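This report concerns only the one structure given below.
The values are calculated or read from the model by the stated rules, or taken from the named source; none is laboratory data. Fair warning: this is a prediction, and the values are worked out from it, not measured in the lab. Ideal geometry is used to build each Cβ from the backbone, glycine not excepted, and the neighbour counts take in all protein chains shown.
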Amino acid sequence: MAVMACADGGYPRELARHPLLEKGKFEQLHRNEIIETRPHTLHFGGFQIHKEHSHVLRILNTSPASLRVSVIGPATKEFRMSFDKKGLLAPGMSEDVTITFTPHEWKYYYDTVKVFCGDLAENLVVPIHAYPSVNDLSLPRIIDFGRVAIGTRKTRTIPLSCKIPIQFEYEITVLEDHPDFEVSPLLGAIPADGAAEVVVTFAPTRHRTSRVELRFNLSQFDFDPVVVSVVGSCAPDLLRDEILQSAQAELDVEAAHARQERMAATVEKLKKKKGRGPVQVRPPTFALEVSEHTVDGVKVPASRCDQQATNFVLNQTAGKLPLKDLFTFIREQREGMKTLQREQAGKAQEDVGGLEAAVLADEDEDKQALELRFEMQYREVDKSDRDKELKSTAARGEEQPSKEVVEQCHAAHRTRHGRLLQRRMEADAGRVDSVLHHAHAAVPSSYKPAAAPSWDENANDTFSVRLQVIDRFLRAGARLLMRLRASKRSRSLREAMRAAGVVDRESCRSWVEEETKAAAAGTK
């Protein structure tokens, strides 16, 4: 594009001259000894007509003293300048000048902003460039063709579009050439309000990876060239894989079509049977042989309804064993008591373990067994008391328990209480269903718990443990899949070598060369 020639530091001849323009020249850019402009050039690229575009020009005082800055705005009507005049500009301070650009035509505009420094330093000039640009140009940095079979061609298109009524020329320079790539056209123009296409074709001739670098350049002011890398590779057996995939796709389509036909036939058959009634099916019943079942704590015979069965039911007490099972239970209890007495007799009298063993043995029995044992012991005591009244026998009272025996009893009770508390806590910790109790415990008003409870569900960090289990499962699954794939490929390779008659190194080398040539020729 042609740049408008301006005289006297970029100020047009035919317009009225500013008085400060007569006092010096405006030729230096960016900075001098006292001030600096940021940026040193203003660019209005890619503008839209009949719309305002603004840029801010900052004038910075880099001198050690305060100074007054005189700014001369643009001379053309498309550019306007506005700023808040500060008077003296302190060292290190800056003054912001807003340049507003309102274009009315699609063309190149040029103007300047001048900074008058007087006798302190050289005057500064800030050029202003406004130019149309291709707004929608988006070029990829890398174009990858992927894997392409040898002897085939693959094409990619790079679109170049423009949405303004100006034509732009483009040029493509090949920085790194390769014979497998073809780019066309290398020169051309993007039409106004239109688009152009650059076609890149990849036709591999050998099994290798190919690369080419292209540099795109436009006839646009201040345009930075764009470098595009084009990459493509060629591997063996690609053509065969494509043929197999197409054949498999056809088979899948045929299978889906056949499945739809079978489904349609089934639907038609069901429609014909729509008027029929439901099928009468009687599930089989199996009689369970149950001799007796329990109703409200009482055992009731299931197969007999005679007088003996009636007496058996009436003579029972709810929650207690029936008479026929009581004799067996009593015999087992007596044998257990004799065994316990023998074990206690073998130990010393002062040994605390005897009482503790008796207490712990009682814990393992149910409530009914404890009640029955107590009743048996009470009957023996009651029988001995009655014999004293009817028979003349010598009856001596029991000796008063010593302090050691009393202490042993208390220790046994404490041990039993601790065991019961431990079992209760284990049962509470191991339960899976929540249980609500309404029982209240009476505690002293001054009672303070030894440890304050914390209701933090994440205190044990169970989520990290779950993540560790999942991670171990994933690693085990990945290891299993790799082993299966390696075994499958090894088995296929051995079968192929066995079919080709490979028995030693020479035959293996010959077989590999034949396979490579056949793959390169596309016959396998």
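Just so you know, in region 139-166 the residues that are surrounded by 14 or more Cβ atoms within 10 Å (Cβ to Cβ) and polar (S, T, N, Q) include one that is nearest to residue 231 (Cα to Cα), and it is 152.
Each residue in region 247-287 was checked for being among the small types (Gly, Ala, Ser) and not in a helix (DSSP H, G or I), and 3 of them qualify.
Going through (1) exposed (fewer than 15 other Cβ atoms within 10 Å of the Cβ); (2) part of a loop (DSSP other than H, G, I, E, B) one by one, residue 98 falls short only on (2).
Got at least one residue in region 459-477 being within 21 Å of residue 241 (Cβ to Cβ), of a type in the set (Gly, Ala, Ser) and without any contact (Cβ under 8 Å) to a residue 24 or more places away in the chain? Among the residues of region 459-477, not one is within 21 Å of residue 241 (Cβ to Cβ), of a type in the set (Gly, Ala, Ser) and without any contact (Cβ under 8 Å) to a residue 24 or more places away in the chain, which makes the answer no. Anything in region 443-491 that is of a type in the set (Asp, Glu) and modelled with pLDDT of 85 or more? List them, or say none. 471, the sole residue that qualifies.
Against the test of being part of a helix (DSSP H, G or I), of a type outside the set (Val, Ile, Thr) and in contact (Cβ under 8 Å) with a residue 12 or more places away in the chain, the options 482, 497 yield a single qualifying residue, 497.
The single condition among (1) part of a helix (DSSP H, G or I); (2) farther than 17 Å from residue 329 by Cβ; (3) of a type outside the set (Gly, Ala, Ser) that residue 374 does not meet is (2). Here residue 238 fits the description: of a type outside the set (Val, Ile, Thr), surrounded by 15 or more Cβ atoms within 10 Å (Cβ to Cβ), in contact (Cβ under 8 Å) with a residue 24 or more places away in the chain and within 30 Å of residue 518 (Cα to Cα).
Among the strands (runs of 3 or more DSSP E) contained in region 153-201, which hold 3 or more residues that are among the polar types (S, T, N, Q)?
On the way: elements: 154-161, 168-176, 181-184, 187-190.
In region 153-201, the matching strands (runs of 3 or more DSSP E) lie at 154-161.
Taken over region 206-260, the criterion of being among the basic types (Lys, Arg) and at pLDDT below 85 is satisfied by 240 alone. Here is the figure for region 183-203: residues that are in contact with a Lys or Arg (Cβ under 9 Å, 6 or more places away or on another chain) and farther than 30 Å from residue 108 by Cβ total 5.
Within region 51-86, which residues are in contact (Cβ under 8 Å) with a residue 60 or more places away in the chain and exposed (fewer than 12 other Cβ atoms within 10 Å of the Cβ)? Scanning region 51-86 gives no hits.
Would you please name the residue that is nearest to residue 244 (Cα to Cα), looking only at residues in region 478-524 that are surrounded by 10 or more Cβ atoms within 10 Å (Cβ to Cβ) and among the hydroxyl-bearing types (Ser, Thr, Tyr)? Ranking the candidates gives 492 first.
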